[in-house]
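**Q** One structure, pasted below without further comment.
The values are calculated or read from the model by the stated rules, or taken from the named source; none is laboratory data. Please read these numbers as outputs of a predicted model, since none were measured by experiment. We place every Cβ from the backbone using ideal geometry, glycine too, and count neighbours over all the protein chains shown.
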Amino acid sequence: MEWHATVVVFSAFAYSFWFNLIGAEGAGALLIALTLVTLTVWIPPRFRRRGGLLTAGTAPWAVFAYAGLALLSAFWSHWPGVSALTLLLFASATVHGLFLVDRFEGRELIAIAGRALRAVVILSLVMELWVAVVRRAPLMPNFADAPSDPDPHWYWVRGNLLDGFLSGGRAQGAVGNANLLGVLCLLTALVCIVQLLAGQGSRLYLAAVATVSVWLIIRTGSATVLVALVVVVATAAFVIAFRSIRSRRGRALMSAGLGAVAALSVALVILFREPLTHLLGRQGTFTGRVNIWEAVLERAGQSPVIGHGFATPWLPWDPAFDGWIVDHSIVVFQAHNMWLDVYLQLGAFGVFCLTAVALQALLKSWKLAVAVRSPVALFPLMVVVVLLIQGMTESTPLMLWGWLAFTTCATTIGSPRGPYARVIAKEETFTYSADAGRVPSPSTR
């Protein structure tokens with residue numbers, strides 16, 4: 001069961017690997033097969049046991065609300081064929097997220113995520129080295145022959161890993177996308193570090209994979225990932241400091257201070273956008289994303305309340321998207337901002353539901369991180385922070401691994417009854433009060 005879950009999570013993280021390896025039809029067949037196996041090994045045993053870790057009280061109701069709106073949008077969709085296909089993809093990600101939190105306890109979930117992420121990083125390193133050293137020529141998706149003058153963005157693996165140690169072209173790895181590889185490497189480094197600090201697994205192995213992940217983050221050259229890294233480190237430092245404060249007044253003052261710093265940071269980013277983007281090696285247009293955002297806003301304005309219908313991701317062969325926004329001779333399949341993407345698809349109602357999902361995931365993972373003194377308790381919060389930062393320049397949090405992670409983290413509860421809290425059960429005994437926060441049990445006082 002745990003190995004099946006690992007394959008599921010790996011496939012969610014590395015969905016583009018399967019797409020580039022076996023094509024759209026093969027990747028679709030694999031997704032259907034994984035979903036059917038999941039339902040088979042999950043639903044019948046659950047009814048026989050008459051329950052699981054997921055209950056009505058811990059269910060991610062905001063996720064259900066968003067899913068319900070997405071389903072309803074098929075009735076007014078401007079692209080019904082796209083809605084039908086992408087809703088199946090979305091349903092699979094939601095089902096797998098619920099399966100994970102219902103079937104596995106926290107320690108198992110962290111182990112599953114760690115194995116899947118490390119597999120992505122190791123596979124990416126192997127493929128990059130193979131293309132650079134053995135093949136010595138860029139690799140096209142599905143091993144197709146490259147045209148006479150291809151755009152580098154078309155490549156699956158560019159083969160430039162050894163062009164330099166800290167520079168020399170962006171690495172794309174097994175997933176075929178530098179931005180996606182950067183995010184996955186960041187998550188890999190984080191899960192390796194928390195497992196290393198918690199004493200879960202081989203120290204040498206975890207340290208080695210974390211080191212490779214950090215190197216690949218640099219080689220991907222993703223500005224979004226660098227920003228996410230800074231915010232994640234700041235968040236972890238704040239949580240550790242917050243844990244040490246016992247009084248309500250102290251925590252309230254610290255929270256107010258955090259809010260002020262966050263507001264000031266946002267204001268400074270808006271004020272000094274141009275120099276900051278140049279500092280990160282990017283244009284003021286966010287590598288062409290501003291043009292995409294303007295086009296999306298223009299179309300979204302035609303149906304601002306209920307949207308045009310679910311389409312995550314956009315299917316480039318559909319007439320509604322074919323030729324609409326083209327970048328580097330490739331039809332764009334997302335808005336490169338999850339909020340704008342949802343506004344286009346589900347309107348203001350969708351933005352409201354997504355806000356509820358983000359808040360539920362953030363608050364529940366925050367509650368756990370503060371309540372439990374363990375490195376692994378920080379990981380769900382780190383994942384949510386990464387998703388929210390990434391969602392400013394990518395729509396990936398709405399798809400496959402991103403939505404699976406949102407669903408999983410939105411079910412996190414910071415009490416001993418929750419699936420994630422069992423991560424800590426063997427490391428620290430505690431009781432939890434909704435009013436007082438984390439309170440040591442008599443045995444640890």
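**Q** Limited to the range 151-174, what total is found for residues that are part of a loop (DSSP other than H, G, I, E, B), out of contact with any His (no Cβ under 6 Å at 6 or more places or on another chain) and of a type outside the set (Ser, Thr, Tyr)?
**A** Residues in the range 151-174 being part of a loop (DSSP other than H, G, I, E, B), out of contact with any His (no Cβ under 6 Å at 6 or more places or on another chain) and of a type outside the set (Ser, Thr, Tyr): 14 in total.
For every residue, the table says whether it meets (1) without any contact (Cβ under 8 Å) to a residue 12 or more places away in the chain; (2) part of a helix (DSSP H, G or I); (3) surrounded by 18 or more Cβ atoms within 10 Å (Cβ to Cβ); (4) not β-branched (Val, Ile, Thr).
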residue	(1), (2), (3), (4)
176	no, no, yes, yes
184	no, yes, yes, yes
189	no, yes, yes, yes
195	no, yes, yes, yes
224	no, yes, yes, no
237	yes, yes, no, yes
241	no, yes, no, yes
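**Q** Do you know which residues across the range 378-412 are farther than 20 Å from residue 91 by Cβ, part of a helix (DSSP H, G or I) and in contact (Cβ under 8 Å) with a residue 60 or more places away in the chain? Working first, answer last.
**A** Here is the first cut: in the range 378-412, the ones farther than 20 Å from residue 91 by Cβ are 378-386, 388-394, 412.
Within this subset, residues satisfying the condition of being part of a helix (DSSP H, G or I) are 378-386, 388-390.
Matches in the range 378-412: 378, 379, 381, 382, 383, 385, 386, 389, 390.
**Q** Exactly one condition in (1) surrounded by 15 or more Cβ atoms within 10 Å (Cβ to Cβ); (2) at pLDDT below 95; (3) under 23 Å from the mean Cα position of the chain (by Cα) is not met by residue 24; state its number.
**A** (1)
**Q** Can you pull out the residues in the range 302-357 that are of a type in the set (D, E, K, R) and modelled with pLDDT under 95?
**A** Those that are of a type in the set (D, E, K, R) and modelled with pLDDT under 95: 318, 322, 327.
**Q** Could you please let me know if residue 38 is over 30 Å from residue 347 (Cα atoms) and among the β-branched types (Val, Ile, Thr)?
**A** Values: over 30 Å from residue 347 (Cα atoms): yes; among the β-branched types (Val, Ile, Thr): yes.
Criteria met by residue 38.
**Q** List pairs: first in the range 139-151 and in contact (Cβ under 8 Å) with a residue 40 or more places away in the chain, second among the hydrophobic types (A, V, I, L, M, F, W, C), Cβ under 6 Å, 6+ apart or cross-chain?
**A** Short answer, once both residue conditions are applied: 141/156.
**Q** Can you tell me which residues in the range 87-107 are modelled with pLDDT of 90 or more and of a type in the set (Asp, Glu)?
**A** Within the range 87-107, 102 is the sole residue that qualifies.
**Q** Then there is this: Could you tell me whether residue 124 is farther than 25 Å from residue 24 by Cβ and of a type in the set (Ser, Thr, Tyr)?
**A** Details: farther than 25 Å from residue 24 by Cβ: no; of a type in the set (Ser, Thr, Tyr): yes.
No, not satisfied.
**Q** Out of everything in the range 62-98 that is touching a Cys at 6+ places or on another chain (Cβ under 8 Å) and aliphatic (A, V, I, L, M), what residue ends up being surrounded by the fewest Cβ atoms within 10 Å (Cβ to Cβ)?
**A** Restricting to residues being touching a Cys at 6+ places or on another chain (Cβ under 8 Å) and aliphatic (A, V, I, L, M), the top hit is 65.
**Q** State the number of residues belonging to the range 294-315 that are under 26 Å from residue 223 (Cα atoms) and either among the small types (Gly, Ala, Ser) or buried (at least 17 other Cβ atoms within 10 Å of the Cβ) (or both). Walk me through how you get there before you give the answer.
**A** So in the range 294-315, the residues under 26 Å from residue 223 (Cα atoms) come out as 294-297, 312-314.
Cutting the leftovers down to either among the small types (Gly, Ala, Ser) or buried (at least 17 other Cβ atoms within 10 Å of the Cβ) (or both) gives us 295-296, 312-314.
Qualifying residue count for the region: 5.
**Q** While we're on this one: With the requirement that a residue be part of a helix (DSSP H, G or I), hydroxyl-bearing (Ser, Thr, Tyr) and either touching a His at 6+ places or on another chain (Cβ under 8 Å) or surrounded by 19 or more Cβ atoms within 10 Å (Cβ to Cβ) (or both), what does the range 209-222 give you? Show your work before the answer.
**A** As a first pass, look at the range 209-222 and keep what is part of a helix (DSSP H, G or I): 209-220.
Narrowing the set further to residues that are hydroxyl-bearing (Ser, Thr, Tyr) leaves 211, 213, 220.
Answer for the range 209-222, where residues must be part of a helix (DSSP H, G or I), hydroxyl-bearing (Ser, Thr, Tyr) and either touching a His at 6+ places or on another chain (Cβ under 8 Å) or surrounded by 19 or more Cβ atoms within 10 Å (Cβ to Cβ) (or both): 213, 220.
**Q** Let me ask something else. Which residue out of 159, 173, 182, 221 is in contact with a Ser or Thr (Cβ under 7 Å, 6 or more places away or on another chain) and on the phi > 0 side of the Ramachandran plot? Walk me through how you get there before you give the answer.
**A** Values: 159 fails: in contact with a Ser or Thr (Cβ under 7 Å, 6 or more places away or on another chain); 182 fails: on the phi > 0 side of the Ramachandran plot; 221 fails: in contact with a Ser or Thr (Cβ under 7 Å, 6 or more places away or on another chain).
Unique residue meeting the criteria: 173.
**Q** Another one. Pull out all pairs, ordered by first then second residue, where Cβ-Cβ is under 6 Å, the residues are six or more apart or on different chains, the first lies in the range 91-116 and is closer than 14 Å to residue 2 by Cβ, and the second is of a type in the set (Lys, Arg).
**A** 105/422; 106/422
**Q** So, one more: From (1) among the β-branched types (Val, Ile, Thr); (2) in a helix (DSSP H, G or I); (3) modelled with pLDDT of 95 or more; (4) exposed (fewer than 15 other Cβ atoms within 10 Å of the Cβ), pick out the condition that doesn't hold for residue 270.
**A** (3)
**Q** Answer yes if at least one residue in the range 17-30 is in a helix (DSSP H, G or I), of a type in the set (D, E, K, R) and without any contact (Cβ under 8 Å) to a residue 24 or more places away in the chain, and no otherwise. Break it down stepwise before answering.
**A** Residues of the range 17-30 that are in a helix (DSSP H, G or I), as a first pass: 17-30.
Those still in the list that are of a type in the set (D, E, K, R) too: 25.
Right, trim to without any contact (Cβ under 8 Å) to a residue 24 or more places away in the chain and you get 25.
Within the range 17-30 (the criterion being in a helix (DSSP H, G or I), of a type in the set (D, E, K, R) and without any contact (Cβ under 8 Å) to a residue 24 or more places away in the chain), the answer is yes, since at least one residue qualifies.
**Q** Which of the residues belonging to the range 197-208 are assigned to a helix (DSSP H, G or I) and either in contact with a helix residue (DSSP H, G or I) (Cβ under 7 Å, 6 or more places away or on another chain) or touching a residue at least 60 places away in the same chain (Cβ under 8 Å) (or both)? Full working, then the answer.
**A** First, pick out the residues of the range 197-208 that are assigned to a helix (DSSP H, G or I): 197-198, 203-208.
Those that are assigned to a helix (DSSP H, G or I) and either in contact with a helix residue (DSSP H, G or I) (Cβ under 7 Å, 6 or more places away or on another chain) or touching a residue at least 60 places away in the same chain (Cβ under 8 Å) (or both): 197, 198, 203, 206, 207.
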